[in-house]
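Just so it is clear, none of the values below were taken in a lab; they were calculated from the coordinates. The structure presented is a predicted model; accordingly, all values stated were derived computationally and were not measured. Cβ coordinates were reconstructed from backbone atoms using ideal geometry, including for glycine residues, and neighbour counts include every protein chain displayed.
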Amino acid sequence: MPDSTYYGLPVTEPKKVKLGFFLIGSIVVAAAALLLFGWLAEEVLQSETQAFDDAVRAAIHRLASPGMTSAMQVFSFLGSGTLLVALSLLTIVIFLYIHCPRSAHLMGITMAGAVALDLLLKHAFHRGRPVPFFGTAPSSYSFPSGHAFGSLCFFGALAGILSEHASTPRARFFIWTCAALLVGLIGFSRIYLGVHYPSDVLGGYCSALVWVGAIGILNHVLNNRAR
């Protein structure tokens, strides 16, 4: 008989040890991301990232080609707020249908918080957009990148849930690798298209890691209290 649940899934005694390591890892990653975000935010406010941003933007723009631009527009769409909200709702419905309410609740909390935090941070820093290389610049503020923030929250949370279903380490590695590549390409696409500074994307990743790490820690604490 399983001793408890994690993301709505049964957890046996050996898995508890792994979840303990996961909790420690979540705390370390969230703390490191918070420190990095704090440092990066201060640098952005003081315009200390401009030289770095300009150099990276110029280097990536030299890779531009019609085919590359089309591919980057696709990856950018995959990280758009509209699509991520739609995918989140669909995922929640599926989890409820297969009787995994805790997974549905965690996904809902993760993405609702992501939307709220993204708006809050953008208005707190009110950084203007760079001149885009392709298309037009969005009307919202630039720091942190909402695409980077939202995609890491959604695909990171989904990978965490799906990896608990995986029966082998190879399957879990495949799930996390796909999620990491997708999130990385979404962030890269925003720099390639010129609608974000590189520091915006890094800021989005750091803030997302803090939020997802906090959700993972909270879930672990609630599971312990429920036993």
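Residues whose amide H falls under 5 Å from that of R127, counting only those 5 or more places apart or on a different chain, are S142, F143, with hydrogens built in the peptide plane. In this simple spin-label model, placing a label point 7 Å from the Cα along the Cα-to-Cβ direction at both L45 and A71 gives a separation of 3.9 nm.
Sort region 145-193 into rounded, prolate or oblate with this rule: let a ≥ b ≥ c be the square roots of the eigenvalues of the Cα gyration tensor; rounded if a/c is under 1.5, and if a/c is not under 1.5, prolate when a/b is larger than b/c, oblate otherwise. List each step's numbers first, then the result.
Values: a/c = 5.90, a/b = 2.17, b/c = 2.72.
Oblate.
Using 0.36 nm per residue and subtracting the Cα-Cα separation, the extra length available between L87 and I27 on full extension is 18.9 nm. Each residue of region 162-168 is assigned a 3J(HN,Hα), and the resulting list reads 5, 5, 6, 7, 5, 8, 10 Hz, derived from the Karplus form 6.51 cos²θ - 1.76 cosθ + 1.60 (θ = phi - 60°), x at Gly and Pro. Between L218 and S139, the modelled labels are 3.1 nm apart [label points 7 Å from Cα along Cα→Cβ]. In the chain, a dipole from Cβ-located charges (positive for Lys and Arg, negative for Asp and Glu) runs towards its positive end, and of L182, A116, T136 it is L182 whose Cα lies farthest in that direction.
Let me make sure I get this right: for region 77-137, a, b and c are the square roots of the gyration tensor eigenvalues over alpha carbons, sorted descending. Under 1.5 in a/c it's rounded, otherwise prolate if a/b > b/c, else oblate. Which is it? In terms of gyration-tensor shape, oblate. If you take Kirkwood radius over Cα pairs in Å from the coordinates, which of (i) 19.2; (ii) 18.5; (iii) 20.1 do you get? Working out Kirkwood radius over Cα pairs in Å from the coordinates points to (ii).
Is it possible to state the helix-based mean residue ellipticity at 222 nm for the chain, with each DSSP H run of 4+ residues giving -39500 (n - 2.57), the sum divided by total residues, to the nearest 500 deg cm²/dmol? What is it? Let's see the in-between values first.
Numbers: 8 runs with 173 residues, N = 227.
Calculated mean residue ellipticity at 222 nm is -26500 deg cm²/dmol.
Here the extension length gained between L96 and F173 equals 25.1 nm, from 0.36 nm per residue of separation less the Cα-Cα distance. What residues of region 184-215 lie in the reach of a label at L34, counting those whose backbone N is under 15 Å from a point 7 Å from the Cα along Cα→Cβ? Within reach of a label on L34: 206-215. A simple charge model with +1 on the Cβ of Lys and Arg, -1 on the Cβ of Asp and Glu and nothing else charged puts the dipole of the chain at about 500 debye relative to its Cα centre. Here the residues C153, C100, C206, ranked from fewest to most Cβ neighbours within 10 Å of their Cβ, fall in the order C100, C206, C153.
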